[in-house]
Every structure is written in structure tokens, then in C-alpha cells.
There are 2 protein chains.
Amino acid sequence: MRIVRFAHPAGMSFGVLDGDGQVAQIEGHPFGQISFTGQRFAAADVRLLSPILPSKVVCVGKNYADHVKEMNTGEAPAEPLIFLKPSTSVIGPGDAIRIPPGSTNVHHEVELAVVIGARGARQVSPEQAMASVFGYTIGNDVTERDMQRSDGQWTRAKGFDSFCPLGPWIETDLAGVGKDPADLAVTCTVDGELRQSGRTSQLLFSVATIISHISQVMTLLPGDVVLTGTPAGVGPIRPGQRVECSIEGLGTLTSTVAGADPTSTAGTR
Amino acid sequence: MRIVRFAHPAGMSFGVLDGDGQVAQIEGHPFGQISFTGQRFAAADVRLLSPILPSKVVCVGKNYADHVKEMNTGEAPAEPLIFLKPSTSVIGPGDAIRIPPGSTNVHHEVELAVVIGARGARQVSPEQAMASVFGYTIGNDVTERDMQRSDGQWTRAKGFDSFCPLGPWIETDLAGVGKDPADLAVTCTVDGELRQSGRTSQLLFSVATIISHISQVMTLLPGDVVLTGTPAGVGPIRPGQRVECSIEGLGTLTSTVAGADPTSTAGTR
């Protein structure tokens, strides 16, 4: 099932995207038993939002050997190296990645994104971990490479508003569409030029291992998102460009790239 | 005004803690115009919770010169060094800090905590930043020192469930009680022994500078918490101990210390 979140004239809803390009509206949230409102929209008439608003986005660094090599910052870690992106960095399909003022080194990083289901995940073993998965979507772990190097901590470099495109939908049954999450093609193009191309079979730590590892540290709540690392080929993007992240069975997550948004809360009430 | 959040037989509420030890229940949340339900509870009869459930906790590292020195990991940074603690790390007054299995090097770090108000903070200057402050409370940036060193990224070391005690209340008018947030005594004792003692006047980057800096990166939402760094004297805590973090005008945040909580979500529905 393809779960989307979308804006319509009366507000925002979750929905199920059908093969015929229709969105069937869901009552409330999609975790647990789904009930439909009976309302249907043509997908072309609604705006898709990030398919989930996670309480946290937990990421794994250095999880493809060829990316570890291109970064040239040491060996692959002995266990998953985790970091956080703030929930305020999440944007949806079609939204703009905003380049911070003065920055010239913002990189794309396409990643398989795991969405945690109703039971959450706390202290689960790798064998138990997959029962905590709700589904899969595409993430882009946008990173300001100069700040990543200079700060040491990656929070600023990866935490800017708009630095976590997610979408376009959550597939809850990859097996049902003949795909194995452990062996999916993962690509990123910029203005049509292929930049990244890998397979999730190259993950140094598997989805189950990652979820188990994180769950020993922090409780993963329903809707939380785990980004599983990026293959080689990361590189800069600049305003005016178009970034397309694709994963087999999960569609294409398109982002535009724009200059900084100077909107300030100062003076507001 | 001292804003608390508390558990009572009918659920959880925000309230105002009076000088006479009574909690006046608030309708909804305390951001914006406060309205009271008329219900009052004796503070002794209710359980205080973390005074806020932040969407994110943004922290500043190396913000007291004497702590930078004791850590012996290089100079103080040229601008605020930010990192995140997950919302799942937050616990309330009296709750137990849980030591991860096998760990022997979990440290206390008392910090002045800033709670962001109704307008949030995005792209604000240092001059504008204080208008985004709702109030102040006490935070303990609990840290597993061995993992902090070995991981490089601080997310795991600082992100365990229970590693962010907050409370006991949010003071929204420090000036009204004759205190200046820029010059408050900050202490931490373990089993009554003084471990940390500093003043917020020693902050390398002021509250206004920190909020402005963060707001250029990520939008701070109402209720988000900013931890401003810890003075020297950090050190290990172990199960059975009692940690008391005190800040002038903000009371004392007490935590017990206990072994790991092995509760797992595996097998739950």
C-alpha cells in the first residue's frame, strides 16, 4: 500500500495512493487499522506533503563502503554511527531545498528511509526489529559539506530547515510489489545527470541491525524515520537545479533547489 | 510565574506553582494567554513531570572556558557548537537516569535551559532573540563519556532515554524574582557532594547569541528547549546515587540514578 499525506481544500490528511492515480482519504493516521472516509481525490489535484511528520529522524553515517572511501575521513565504523536531523528539516516532494546564505557546498545524499510503525522500537534484537517497520520511503540527507568538516559535530551541517526531503509515499508492502528492501536500486540525478547509483544490498549494516542498534539507545516512536546511509557520488547542488532521488519500488522524490528563505519570526506575535 | 506540568488522577495538565505550594491548573498549554480551570492541587499530592515536552532539544557544547579546559579536546569554538538530544531522552523531576548496560562512565552536566515561546525563533538577530524566550528551567545534559570519545558524533553518548532531565518548573519572569539570566549560580551535587559550580556570567556565548545562531539554521518551535552548556566539574554517576542540579531562581532538579531499564517493545501489539 502506498501511504501519502496531502493537502486538500479542507486541510491535511493521510491517504492511500491507488494504481489509478487516485488518493483515498484515511480517517486519522495510518498506523494500525486503516479506515477510509470515502473521499477520493485525483492525485494531480492535491499537493503531496512529506508522507510523515516524524518526531525524530535518526540517520546512519558511513554505511556504504564506496561512500566511506570517497569521503576520505577514515575507516567504516565497527558499529552503526548514528546522528540526528531535527524534525524541522523535513520537507515534502516538490519542495525546495534552501541553500544557506554564502554556502557553496551543499550536497545531495539519497537514502533508503525506514518509517517506524505503531509498536515503536525499544530494546529490540535484529531478529525482532523488522516487526517495528511500518514501511519505506525515500530520504535525502542534504548536507553542507564545509560545515560538516569544520564543526566536527554534524548537527548544523545536516540540520538546516529543508535539509530532509522525504517522500513521495510510504510503501508498506515492498514484498507485495515484488521488491526486497535488502536489494533495491538507489539513484540520485541532478538536472538529469546521474550522480549516485547504488543498491541497498551494499549497506554495511542492514536495516534490522540499524534499528536494533538505535533501539538500544533511544526509543523509536511510531512515525519516526531512520535514514540508512548514502552510496558514493555525493556532490554539490545549487539554486535552480532539480534533484531526483529514486529507489526501486518507492518512486522518485523530486526537490527543487533555491536560495535562502529569509523569513524571520522577529516582530511576529 | 512558575509553570509546571503534572500528572493528576484525571490526566496531565500544565499548571502554575504558587508560593504557597499549590498548583493552579491551566486550560490547555501555557503559551499565549493563560486561562485557569479553577482546579487547584497541593503540589505534594501531584507528580511533577518535565515542565515541557519539546519537539527538539538543541544543545551548545564547550560553552564554559573551565569545562573546555577540563575536557582537554581542543580550544573553545569560534561560534556556538550545536548538537541535538532526542525528545525521547527527556525525563522529569525525580525520575531516574538509567545507566546503559556495561557503562561505567555516565556524567552529569548541569545547564541553564531556555524554553522557546509562542512565536518560535527563525532567523532572529541576537537583539531580537530574547523576545523568543518563554522562560528558563534546569537541564542535565547527561553524557556517556566513553561513547562520546569513541563515536566522534555525540548523538549516542547524549541520546539515551532518560539522558535529559528537565525541571522542576519554567520561570517565565526571572527579573520579577530579582534574578538576571545572565548571572545565575549553577551547581550540581551528587549525594550531597558539590561537583559543579559556575555562573551563567561565564557563558562564552550568551543566551541571545546562541538562540540567534541556532535560528539561522533551524526553526525553533514553541516549547523547544535550548541547553546552554555546562561549567567544569563533570564526573561519573552510578546507580543508587542522587543528582541535584540547582540554578538560582529556578529551584533544584533532582534525579535518581538506576540501572538499565530492559523493557522491550518486542512482542507488543
Of B:Thr252, B:Ser55, B:Val186, farthest towards positive along the dipole that unit charges on Lys, Arg, Asp, Glu beta carbons give chain B: B:Ser55
Taking the reciprocal of mean 1/r across every pair of different Cα atoms in segment B:2-49, the Kirkwood radius in Å is 10.5 Å
Pick out which of B:Ala78, B:Ala43, B:Ala208 has the largest mean-square fluctuation in a Gaussian network model of chain B, springs linking Cα atoms closer than 10 Å. B:Ala78
Find which of A:Leu17, A:Phe36, A:Ala7 sits farthest along the positive direction of the dipole of segment A:2-48, computed with +1 on the beta-carbon of Lys and Arg, -1 on that of Asp and Glu, about the Cα centre. A:Ala7
Pop a pseudo-label 7 angstrom from the Cα along the beta-carbon direction at both A:Asp191 and B:Ala44 and give the gap in nm to one decimal. 7.3 nm
One decimal, nm, shortest first: give the distances between the label point of A:Gln22 and those of the same position in the other copies, each label point 7 Å from Cα along Cα→Cβ. 6.0
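Given a Förster radius of 30 Å and the C-beta distance between A:Gln202 and A:Asp146 as r, what FRET efficiency does 1/(1 + (r/R0)^6) yield to the nearest 0.05?
The calculated FRET efficiency here is 0.65.
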Expected response for nearest chain A Cβ to the A-B rotation axis, distance in whole Å, is A:Leu84, 2
Once Rh for segment B:1-128 is found with the Kirkwood sum over Cα pairs, what is the Stokes-Einstein diffusion coefficient at 4 °C and 1.567 mPa s, in µm²/s? 73 µm²/s
CD proxy, 222 nm, chain A: helix-only mean residue ellipticity via -39,500 (n - 2.57) per DSSP H run with n ≥ 4, per residue, nearest 500, stands at -3000 deg cm²/dmol
P(r) of chain B over all Cα-Cα pairs, binned every 10 Å from zero, in whole percent: 7, 31, 37, 20, 5, 0
Set A:Lys85/A:Lys179; A:Lys85/B:Lys179; B:Lys158/B:Lys179, cut-off 32 Å on Cα-Cα distance; pairs above it are A:Lys85/B:Lys179
Mind telling me which of A:Gln153, A:Gln22, A:Gln202 comes out most flexible in a GNM of chain A, alpha-carbon contacts under 10 Å? A:Gln153
Can you list, shortest first in nanometers, how far A:Gly178 lies from the same residue in the other copies, with each label 7 Å from Cα toward Cβ? 7.8
List the distances, in nm to one decimal, from the label point of A:Ser264 to the label points of the same position in every other copy, shortest first, placing each label point 7 Å from Cα along the Cα-to-Cβ direction. 5.3
Candidates A:Gly229, A:Gly61, A:Gly11, ranked by Gaussian network fluctuation over chain A, Cα under 10 Å, top entry: A:Gly11
Please state the relative contact order of segment B:57-258 as a whole percent: Cα pairs under 8 Å, 6+ residues apart? 35 percent
To the nearest 20 Debye, how big is the dipole of segment A:171-269 about its Cα centre, given +1 on the beta carbon of each Lys and Arg and -1 on that of each Asp and Glu? 320 debye
Unit charges on C-beta of K, R, D, E only; dipole of segment B:2-49, Debye: 120 debye
With the dipole of chain B defined by +1 on each Lys or Arg Cβ and -1 on each Asp or Glu Cβ, the option from B:Ser264, B:Gly92, B:Gly223 whose Cα lies farthest towards the positive pole is B:Ser264
Taking the Cα centre as origin and putting +1 on Lys and Arg beta-carbons and -1 on Asp and Glu beta-carbons, what dipole magnitude results for segment B:107-218, to the nearest 20 debye? 300 debye
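Throughout, read-outs are computed from the coordinates displayed, never taken from laboratory work. Owing to the predicted nature of the structure, the values given are computational and were not obtained by experimental measurement. Positions of Cβ are generated from backbone atoms using ideal geometry, with glycine treated the same way; all protein chains shown enter the neighbour counts.
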